[in-house]
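No lab work stands behind these numbers, since they all come straight from the coordinates. Keep in mind that what you see is a predicted model, and the values were worked out from it rather than measured. Please note: Cβ atoms are built from the backbone with ideal geometry, for glycine as well, and neighbour counts cover all protein chains shown.
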Amino acid sequence: MIPFHEIKIGDYVIADNDGDKKQGEVTNINGDEKQICVDTDQEFWYELDQLSGIPLDEKQLMDLKFEKQLNADGSIKYMKGAFRILLHQKDNFSTFEIWYRDERRHITSPIFVHNLQNHYAELTKVHLNDEAFA
């Protein structure tokens, strides 16, 4: 279950409809009822206990249109515009750095795609989605 305060319109989550789990995008939030509308090819309203995060990994970054750069020291940099993610070890998303311009954040535990979207929005003032950077 995702804490209600973490969910923003545009976030990507997994919605569970009676065991049928699909990835979708949050399209609306009802704060009074604490319900979330998710588009998984069709829009439905979900309770918080029906939603879960999508673990952040390289596939998700590629789906979000990040570019990948392999560094000589074995680290990997993912880039989308001026936003950067630096993994010190291949496929190790348990500790990494993100930055945008002069603001840097150290992530010290695995996060979900919606968490990355929230960091990205806080730093860039633009919501992270799967559109290519213009």
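I want the local charge near L48. Using Cβ-Cβ distances under 12 Å, sum +1 for each Lys or Arg and -1 for each Asp or Glu among the other residues.
Counting the neighbours of L48, the net charge comes to -4.
Rounding to the nearest 10 and keeping the result within 0 to 90°, find how far the Cα-based axis of helix 113-124 lies from the longest principal axis of the chain.
That works out to roughly 60 degrees.
For the cross-link pairs K80/K125; K65/K90; K22/K77; K8/K77, which exceed 21 Å when the distance is taken from alpha carbon to alpha carbon?
K22/K77; K8/K77, as the Cα separations exceed 21 Å there.
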